[in-house]
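Encoded as structure tokens, the structure appears first; notes follow it.
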Amino acid sequence: MDKVFKWDIFEIALSGNTAGNPFTDYTIRGVFKGEQEEIETEGFYDGDGIYKVRFMPSYEGVYRYFITGNYSDAGTVTGEFEVFPAKSGNHGPVKVSNTYHFTYADSTPYYSVGTTCYVWELQSDDRIKETLESLSESGFNKIRFCIFPKHYDYNFNEPRSYPYEGTPMDNSVLTEDNFWGYTDNPKENNEWDFTRFNPGHFRHIENCIKKLGDIGIEADLIIMHPYDRWGFSKMSAYEDDLYINYIVARFAAYHNVWWSLANEYDILDKTIDDWERYAQIICTKDPYGHLRSIHNCIPFYDYTRPWVTHCSIQRQDIYKTAECTNEWRGKYKKPVVIDEMAYEGDIPHFWGNITAEEMVRRFWECAMRGGYPGHGETYMNKDNVLWWSHGGKFHGESWKRVKFLHKIMCETPGLGLTSDAKMDYMGVTAVPQDDKERENKTYFIYYYSFMQPSCKIFHIDDETEYEAEVIDTWNMTVEKAGTFKGKFKINLPGRPYMAVRLKKRRNYQ
């Protein structure tokens, strides 16, 4: 009997028809039955006469499968396999929990600290390896990246592969003056068959998704984006739907997948009806209910739509980016992920040259208000390799402090933080989202942002004893300040980016 681990992939590969167009003319699907679940999945054509069906089991035990479709004359193919406990480090897919927060499928809290790296997986093998090594040293547990290649400033090279059969435009005719002209009518400058996928392109992305999962990182897949000279943003409705069906069939069985319908949806030549149709395809065809959202440039999408699991927000304004987290949580009643709050770097674009200190400040402001912040880095360098798009190595300083913040977030009692508006008189006061923890006044973090008090006075009540710690969010230190009750003073070093944490003292026997 075949064996697989819980939340890993069980894959069935079968030979089938090659006449005509196998991507559109034939179907293959599977039904997987265990004692605690029955899942139906769509399969896909993987080239060279091979059709595949994938399944991610959520329970242990014996499953039976039934493969059907017109992909061949074989009739129904059946079999059994056994599911064993999940491998160490695989906690299953991430789900929304406690309205504003996340947990893995095994109930382990998930505190999202993401980064953006748009086409890292379409670089050379050496660059990809370097990127994965950088990620493994960081604290990031989510990365946003595109399935399609990207045409934008600092991103004018050809990708390692293309998603469709066909021929790209001759890149030698491009000059610095006409790079953007080729985005006006990209279909006229390329020759693609948008009904025939290049399976190698998608196999490579799957390999990258798996490698991310192996180091505990969620793959936030950007399905569409407007920065395009190849015509992928100008496909017909039929071609768009075919593409979305194909990627869901291929990628949905990976436990660490999130769906982002678009990067900057409002710049694409699509209607709200288009986006809603794409979303319904994903909701219908993804049997595991992976997280779903859509990213804006200027106007927000309507995140109250039932298919949206969490807000994926872009805001770069100088001060209010993270401070609006409370407002968005209240409006949408969903987790708020600020995937883009400007980037640490020094490029000329206004969104790509904030300091590391400012990036870290925004991370803390967002996290202390119960949101989930996103990182990016855009430093000019001699190799012209910018993390925000190509990956490679970090050149900045904020990524180290993000790892420190994530550790602090993971020490939250209950599940997730929220701000205490009653105590938000200077900087921001964070308390546990969990009602019981809040009522029992077990935990407080006071973050003072760019202010630099030399001391602070606290008075929670007259009975409870608190262990106090001074946190230097930039220098990444936590120092014990003593145990206090009633009204008390904590001395601070008089520099910015400091925090005070109070933890209710427990009496251990």
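Where residues in the stretch 324-344 are in a helix (DSSP H, G or I) and touching a residue at least 40 places away in the same chain (Cβ under 8 Å), which of them is surrounded by the fewest Cβ atoms within 10 Å (Cβ to Cβ)?
Only one residue tops the list, namely N326.
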Looking at I318, I347, which one is assigned to a loop (DSSP other than H, G, I, E, B), surrounded by fewer than 24 Cβ atoms within 10 Å (Cβ to Cβ) and either at pLDDT 95 or above or not assigned by TED's automatic domain parsing to the domain that holds A252 (or both)? I347
Residues that are under 20 Å from the mean Cα position of the chain (by Cα), touching a residue at least 24 places away in the same chain (Cβ under 8 Å) and over 30 Å from I12 (Cα atoms): does the stretch 281-292 have at least one? no
When restricted to I294, I313, the only residue closer than 25 Å to Y497 by Cα, surrounded by 17 or more Cβ atoms within 10 Å (Cβ to Cβ) and among the β-branched types (V, I, T) is I313
Could you list, in sequence order, the residues of the stretch 72-81 that are surrounded by 12 or more Cβ atoms within 10 Å (Cβ to Cβ) and either in a strand (DSSP E or B) or out of contact with any Gly (no Cβ under 9 Å at 6 or more places or on another chain) (or both)? V77, G79, F81
Scanning the stretch 210-247 for residues that are touching a strand residue (DSSP E or B) at 6+ places or on another chain (Cβ under 6 Å), under 21 Å from G92 (Cβ atoms) and among the acidic types (D, E) gives E218, D220
How about the stretch 351-369: which of its residues are farther than 17 Å from M409 by Cα and either in a loop (DSSP other than H, G, I, E, B) or in the same structural domain as W474 (by TED's automatic domain parsing) (or both)? N353, T355
Name every residue in the stretch 116-140 that is crowded, with 21+ Cβ neighbours inside 10 Å, under 16 Å from the mean Cα position of the chain (by Cα) and assigned to a loop (DSSP other than H, G, I, E, B), in order of residue number. C117, Y118, V119, F140
Within the stretch 55-96, residues being closer than 30 Å to I143 by Cα and aromatic (F, W, Y) number 3
Per-region count, the stretch 149-166, residues on the phi > 0 side of the Ramachandran plot and either of a type in the set (K, R) or touching a Ser or Thr at 6+ places or on another chain (Cβ under 8 Å) (or both): 1
Just name the residue that is nearest to N141 (Cα to Cα) out of those in the stretch 336-353 that are out of contact with any helix residue (DSSP H, G or I) (no Cβ under 8 Å at 6 or more places or on another chain) and β-branched (V, I, T). V337
Single residue of Y425, Y443 found to be modelled with pLDDT of 95 or more and over 17 Å from G114 (Cα atoms): Y443
For the structure I just gave you, tell me whether Y118 is closer than 29 Å to H225 by Cα and outside the structural domain of D228 (by TED's automatic domain parsing). no
Determine whether the stretch 57-73 contains at least one residue that is touching a residue at least 60 places away in the same chain (Cβ under 8 Å), farther than 23 Å from H290 by Cα and not assigned by TED's automatic domain parsing to the domain that holds Y164. yes
If I filter the stretch 454-507 down to residues being of a type in the set (S, T, N, Q) and surrounded by 15 or more Cβ atoms within 10 Å (Cβ to Cβ), which single residue comes out as modelled with the highest pLDDT? T473
Looking at the stretch 428-435, is at least one residue in contact with a strand residue (DSSP E or B) (Cβ under 7 Å, 6 or more places away or on another chain) and on the phi > 0 side of the Ramachandran plot? no
Could you say whether any residue in the stretch 157-164 is modelled with pLDDT under 95, part of a loop (DSSP other than H, G, I, E, B) and over 20 Å from the mean Cα position of the chain (by Cα)? yes
All conditions in (1) at negative phi; (2) out of contact with any Leu (no Cβ under 9 Å at 6 or more places or on another chain) are true of I460 except (2)
With the condition being in contact with a His (Cβ under 6 Å, 6 or more places away or on another chain) and of a type in the set (A, V, I, L, M), I'd like the strands (runs of 3 or more DSSP E) fully within the stretch 445-509 carrying at least 2 qualifying residues. none
Name the single residue that is surrounded by the most Cβ atoms within 10 Å (Cβ to Cβ) among those in the stretch 93-115 being part of a loop (DSSP other than H, G, I, E, B) and β-branched (V, I, T). V113
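The values are calculated or read from the model by the stated rules, or taken from the named source; none is laboratory data. These numbers were taken from a predicted model, which means no experiment stands behind them. FYI the Cβ positions are ideal-geometry reconstructions off the backbone, even for glycines, and counts take in every protein chain you see.
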